[in-house]
Amino acid sequence: MADRVSPSAKPATAEYGSAKPSFPATKAQLYGATRPAYPSQPYHRHRRCCTFCIWFLLVIVILLLLIVVSGTVLYLLYRPQSPSLTINSFKLSHLNMTSFSAFNSKFELNINATNPNKKLNSPSSSIQSQFS
């Protein structure tokens, strides 16, 4: 029985370094003070700019989407059609060409415009115009 060796008589092993661990463990051993300390990350200004850009683009996309949806709803409600124009009469009463660059004429043009849209109406009366 003389060959028994107590645990305190064993030599220190190099598992955690060459130093013999002490009991109870110190705070440095508990919290890993031997690992390198990482520097704190500095506050980057571009993060604020990126956040603003993302929100700005999101607002623009939402506004464009609202415009497209409202335009589609208005088109489906009213079903706009282009007016039909017909020429009823054309009368050339005076034509004078004194030189190559001077040209005088007088004519009457009667146009009938009808609006096929039943929900969209624009009242109009007779229109006269003169050109010189």
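Structure notes:
- Distance histogram in 10 Å bins (all Cα pairs of region 63-132, percent per bin): 14, 27, 22, 17, 13, 7
- Restricting region 70-117 to chymotrypsin sites (Phe, Trp or Tyr not before Pro) that sit in a DSSP loop and have at most 15 other Cβ atoms within 10 Å of their own Cβ leaves Phe100, Phe103.
- Using a simple spin-label model with pseudo-atoms 7 Å out from Cα toward Cβ, Ile127 and Asn96 lie 2.9 nm apart.
- Charged neighbours of Val73, selected by a Cβ distance under 14 Å, balance to +2 (K, R count +1; D, E count -1).
The numbers here are math on the coordinates, done by the rules we state, and not lab data. Since the structure is predicted, the reported quantities are computational estimates derived from the model, not experimental observations. Every residue, glycine as well, gets a Cβ built from its backbone with ideal geometry; the counts of neighbours run over all protein chains shown.
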